[in-house]
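Data block below; observations after.
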Amino acid sequence: MNAVVPVPHRIVDRRVDTADTVTVELAPVGEALPAFRPGQFAMLTAYGIGDVPISVSGRHGARPLHTIRAVGAVTRALHDAAPGDVIGVRGPFGTAWDVASAAGHDVIVVAGGIGLAPLRPVVERVLADRSAFGRVAILAGAREPAELLYADARRQWATQAQVRTTVDRAADGWKGPVGLVTALIPGMDVDHAAAAAFVCGPEAMMWFTVQALLERGVPAARIQVSLERNMRCGLGWCGHCQLGPLLLCRDGPVVGYPVAEPLMRVREL
Amino acid sequence: MRSEETPRLIGADGLGALFTALRDRGYTVVGPTLRDGAVVLAELDSAGQLPSGWSADTEAGRYRSRRREDGAVFAHCAGPVSAKTFVHPPRARLWSADRNPDGSVSAAGPDAPAKRFAFVGVHPCDIAALGVLDRVLAGGEHPDPVYTARRDGTFVVVAECTEPAATCFCTSMGTGPAATAGFDIAITELLDGGHRFLARGGSPAGTEVLAALPSVPAGAEDTAAATAAVERAAAAISRHMPDEPLPALMTASRESPRWADVASRCLTCGNCTMVCPTCFCTSTEDVTDLTGQHTEHQRHWDSCFSLDFSYLHGGPVRTSTASRYRQWMSHKLGTWQEQFGMSGCVGCGRCIAWCPAGIDITEEAAALAAARLEDAP
Ligand SMILES: Cc1cc2nc3c(=O)[nH]c(=O)nc-3n(C[C@H](O)[C@H](O)[C@H](O)COP(=O)(O)OP(=O)(O)OC[C@H]3O[C@@H](n4cnc5c(N)ncnc54)[C@H](O)[C@@H]3O)c2cc1C
Ligand code: SF4
Ligand code: SF4
């Protein structure tokens, strides 16, 4: 019944990431859920308001972390919940990033906005087993410098990987690049033709990122993307998360680019 | 597959005994009945409520019940209600939760249904539709407890189709007019030479109920008459899907100009999805009481024709009518196959009859097929 009835979890830690985004650490009040794999998501319930799909953005011991950007009623309520508050959790749902297949390869991680949240566990897994991978490049874009997530983590990653950030609009004495995250791809010190790539962000950003990766010679079969659609259940019953033949709560959100390509091409699919 | 046992012959009054036998066994009988000018499915108390002497004239955008000279009870087709309403209710509670004074939360799952349904007089296409819902809602990794609690243990008396409507195309979808599987009892209504029913068991439970009814072994001429009636029905079906693999047609038609054409007629009212016996999509909402401490998580039918259906932060994915009609039809005939290994359309024709704009899924499929041929170099 776990998959249907939200399992109460207490917020035991809440870190403010940006003006509208927080990362919460959840502890089960009673029974625990199975562990989330990187890329999988939970349906988080703000009791009385609703439930929404939110990726796992890391873990602290056995406890899952979720990074929530307040954009509407439910995410606002989840964002505003304080340590000690109880929210509901269902999951884990969906497909995971296939990190193992990138072993032995250079790794390129490209994130747009909140898209860095589902990719953080990928980065952490790769860096935890650093020698199993080749060179690692992490590219993150945001609208403004203040919206770039995980500053502390990025500083740590930078000791073992190339980390580059870019913003749409410079502010706050920003000295880094301004423009699309795709512009960072050619400058990375990786063997593109032998690299594996993980991409998450707004759909248009993912499309242009993948085109740029393909142009540099990253093989399509080694590119994974995480797709987004409306989701009401996470269980394959509600029909909302269809993208052509895919039910993204079941067949996604993470899919190989060769599967996504013909679907991303069609407007309003 | 016809069962090996000799079919039984039941008189016109045998339906009353069937109702009694089912009620004695604890079932709530759901069957066709005339209501507000249409034959709907509803909970019935007695066989007297069956639509004796009624059938319907249907066409694209049209449904009119019609009085018949004979007393046929199972001549209905394409009514606005299907078995879906009973096993996948329009509204259901998925869970409820109470916030306790100490801040903790106690939760409860869906309500258990109080009734066990026996469907009487539904047609083979509707049995096929139940099979589709079985696969979609109960055949995946997470069986839907609301559905399984209502569907498990249902008793099905299928009425083979002998009076198809003009909107029917079950022969194209391989779902009728004969009943081949998915029933406890199959009956075939015979009108020539006396009103009577040929009945055969399709399960041990069906055979047991059948044995409790007043009946005689069917003679060879009765069996032949039943076979002939179903064959006549098959021959009378005039609507057809294009004779090519539909999933491939739908994939090849993603950018077809035909979508703009159908969009100029479609009102995005969602009637087609509501009457369809397999359309399963739902939405959810949290409802609270005045104190805000008690939450009910409700699920209700939704339609891919609504703008909100594809809503993402920033706006809906499918804003145009063309994209929404394409989603619906491509799902029914194409992507359903990839998602669930079967067609999402059983050829019942309801969406054709109940579309206020008279849009006909078979005509649209034919137009897509024709447009594809024109496109070919
Ligand atoms: C697989 C997946 C993983 C996600 N991971 C995260 C994450 O880690 N962090 C994060 O902040 N956000 C994430 N999102 C997006 C998040 O689910 C939406 O921002 C959220 O649903 C918005 O709901 P709302 O009620 O706050 O906003 P409203 O705009 O009021 O939304 C109303 C309803 O529309 C639907 N909806 C609106 N926007 C989206 C959307 N973008 N995606 C899906 N449904 C939507 C929801 O069902 C919601 O209840 C993810 C989405 C998906 C599909
Ligand atoms: S799509 Fe139309 S014809 Fe096919 S099952 Fe649904 S209502 Fe019946
Ligand atoms: S096809 Fe017909 S019934 Fe369906 S949404 Fe359009 S107008 Fe309504």
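The table that follows gives values for the structure above.
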quantity: Residue identified as more than 21 Å from the chain's Cα centre (by Cα) and either part of a loop (DSSP other than H, G, I, E, B) or in contact (Cβ under 8 Å) with a residue 12 or more places away in the chain (or both) among A:261, A:268; calculated: A:268
quantity: Residue in region B:327-348 that is over 22 Å from the mean Cα position of the chain (by Cα), of a type outside the set (D, E, K, R) and at pLDDT 95 or above present; calculated: no
quantity: Region A:53-86, subset in contact with a helix residue (DSSP H, G or I) (Cβ under 6 Å, 6 or more places away or on another chain) and more than 16 Å from residue A:26 (Cα to Cα), residue nearest to ligand 1 (Cβ to nearest atom); calculated: A:69
quantity: Residue B:184 vs. criteria away from ligand 1 (no atom under 16 Å from the Cβ), acidic (Asp, Glu), touching a helix residue (DSSP H, G or I) at 6+ places or on another chain (Cβ under 6 Å) and away from chain A (no Cβ under 14 Å); calculated: yes
quantity: Answer from B:343, B:283, B:330 - the residue that is in contact with a helix residue (DSSP H, G or I) (Cβ under 9 Å, 6 or more places away or on another chain) and within 16 Å of ligand 3 (Cβ to nearest atom); calculated: B:330
quantity: Given (1) assigned to a strand (DSSP E or B); (2) on the phi > 0 side of the Ramachandran plot, number of the condition residue A:163 does not satisfy; calculated: (2)
quantity: Subset of region B:100-135 that is modelled with pLDDT of 95 or more, out of contact with any strand residue (DSSP E or B) (no Cβ under 6 Å at 6 or more places or on another chain) and surrounded by fewer than 22 Cβ atoms within 10 Å (Cβ to Cβ) - its residue that is farthest from the other protein chains (Cβ to nearest Cβ); calculated: B:131
quantity: Candidates A:225, A:218 - the one that is assigned to a strand (DSSP E or B), away from chain B (no Cβ under 13 Å) and either under 20 Å from the mean Cα position of the chain (by Cα) or away from ligand 3 (no atom under 16 Å from the Cβ) (or both); calculated: A:225
quantity: Any hit, region A:88-111, residues being of a type outside the set (Val, Ile, Thr) and within 30 Å of residue A:171 (Cα to Cα); calculated: yes
quantity: Yes/no for residue B:48 being away from ligand 2 (no atom under 16 Å from the Cβ), surrounded by fewer than 20 Cβ atoms within 10 Å (Cβ to Cβ) and in a helix (DSSP H, G or I); calculated: yes
quantity: Residue in region A:209-219 that is buried (at least 21 other Cβ atoms within 10 Å of the Cβ), modelled with pLDDT of 95 or more, of a type in the set (Gly, Ala, Ser) and in contact with a helix residue (DSSP H, G or I) (Cβ under 6 Å, 6 or more places away or on another chain) present; calculated: no
quantity: Region A:122-136, subset in contact (Cβ under 8 Å) with a residue 24 or more places away in the chain and assigned to a helix (DSSP H, G or I), residue surrounded by the most Cβ atoms within 10 Å (Cβ to Cβ); calculated: A:123
quantity: Looking only at region B:337-353, and only at residues there that are of a type in the set (A, V, I, L, M, F, W, C) and surrounded by fewer than 24 Cβ atoms within 10 Å (Cβ to Cβ), the one that is farthest from residue B:248 (Cα to Cα); calculated: B:340
quantity: Checking residue B:276 against (1) within 8 Å of chain A (Cβ to nearest Cβ); (2) within 22 Å of residue B:134 (Cβ to Cβ), the condition it does not meet; calculated: (1)
quantity: Residue in region B:59-85 that is surrounded by the most Cβ atoms within 10 Å (Cβ to Cβ), counting only those that are over 15 Å from residue B:356 (Cα atoms) and among the basic types (Lys, Arg); calculated: B:84
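This table checks each residue for (1) under 22 Å from residue A:49 (Cβ atoms); (2) surrounded by 18 or more Cβ atoms within 10 Å (Cβ to Cβ); (3) more than 14 Å from ligand 3 (Cβ to nearest atom).
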residue	(1), (2), (3)
B:272	no, yes, no
B:277	no, yes, yes
B:295	yes, yes, yes
B:306	yes, yes, no
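The values are calculated or read from the model by the stated rules, or taken from the named source; none is laboratory data. Because the structure is a prediction, the values reported are computed rather than measured. Counting neighbours? That spans all protein chains shown, and the Cβs are built from the backbone with ideal geometry, glycine included.
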